[in-house]
Amino acid sequence: MFVEGRSRDVIGRNPALRLPLRLATLAQRPLSAKVLVRTPNISFLNGSNYSMSDSETIPTPAPQEEPTLAVKLEALLFVAPEPVAPAQLAAALDVTNSVVERGLKELEEALQARGLRLQRHGGRVQLTSAPELAELVERFLGLEAVSHLSRAALETLAIIAYQQPVTRPQIDAVRGVNSDGMMKSLLGKGLIMESGRADGPGRPILYSTTPEFLQHFGINSILELPPLTLPEPEAEKQVELLKG
């Protein structure tokens, strides 16, 4: 240990006493200064056989493998603020649309064991949380309970879902009553949207469901809607009654 008052020749003869002196000198330098202290052997400090040489190098990490196409697609969809067309993904990855579709299928299969799902709507795709985790997600985010749709709203929404795109007069014809109030309510909730205009007289507005509709009912595509069983024509019922 360095003791103040010893002569310089004593310090010079004892290498164990030079190290504390160097440390004391370094402590007085500014913190921003980069100082490299080299010593051929510091085993006298701890009695070990450790030594440091100027040629010692830090091993470089092994190169990482190229991410798969599904992984790249997942990253792009994660940062996308809205549903994305496969053509846009193909342009970003510099591949063909068919390659993107294969990657989306691979991603969709991989997500089945995770908390996300791949949702398709209107020729676009996006990542959503799994429908079976909706209650957990709502509780975590502190969302208010979603108001239940009335029977009239569900009736109107079902007509639009199964017959889209459809006009308001066509909806009124099926329901037998005016649907203006229900249409405004469904538009306000983001469950339906204007999707164009019909070619008939007056070019009435066409309505379709939205991606929010899929999320609300926990399905990934319109194709997953349960099959619609239409009632038999009234004439056929009457024939059956006569035969009976």
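The values are calculated or read from the model by the stated rules, or taken from the named source; none is laboratory data. No experiment lies behind these values; they were computed from the predicted model shown. We place every Cβ from the backbone using ideal geometry, glycine too, and count neighbours over all the protein chains shown.
Below are the figures for this structure:
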read-out: Residue among ALA130, ALA70, ALA87, ALA75 that is on the phi < 0 side of the Ramachandran plot, buried (at least 17 other Cβ atoms within 10 Å of the Cβ) and small (Gly, Ala, Ser); value: ALA70
read-out: Test for ILE171: is it outside the structural domain of ALA85 (by TED's automatic domain parsing), touching a Leu at 6+ places or on another chain (Cβ under 9 Å) and either within 25 Å of HIS148 (Cα to Cα) or at pLDDT below 90 (or both); value: no
read-out: Meets criteria (aliphatic (A, V, I, L, M), touching a residue at least 12 places away in the same chain (Cβ under 8 Å) and surrounded by 15 or more Cβ atoms within 10 Å (Cβ to Cβ)) for ALA161; value: yes
read-out: 1 or more residues in contact (Cβ under 8 Å) with a residue 12 or more places away in the chain and more than 30 Å from GLU108 (Cα to Cα): qualifying helices (runs of 4 or more DSSP H) within region 167-226; value: 168-175, 180-188
read-out: Residues (touching a Lys or Arg at 6+ places or on another chain (Cβ under 9 Å) and surrounded by 14 or more Cβ atoms within 10 Å (Cβ to Cβ)) located in region 179-212; value: SER179, MET182, MET183, PRO204, ILE205, LEU206, TYR207, PRO211, GLU212
read-out: Residues that are at pLDDT 90 or above and over 26 Å from GLU82 (Cα atoms), drawn from region 182-203; value: MET182
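Table: residues versus (1) part of a helix (DSSP H, G or I); (2) among the hydrophobic types (A, V, I, L, M, F, W, C); (3) farther than 25 Å from SER185 by Cα; (4) modelled with pLDDT of 90 or more.
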position: LEU118; (1), (2), (3), (4): no, yes, yes, yes
position: LEU127; (1), (2), (3), (4): no, yes, yes, yes
position: GLU135; (1), (2), (3), (4): yes, no, no, no
position: GLU138; (1), (2), (3), (4): yes, no, no, no
position: GLU144; (1), (2), (3), (4): no, no, no, no
position: SER147; (1), (2), (3), (4): no, no, no, no
position: GLU155; (1), (2), (3), (4): yes, no, no, yes
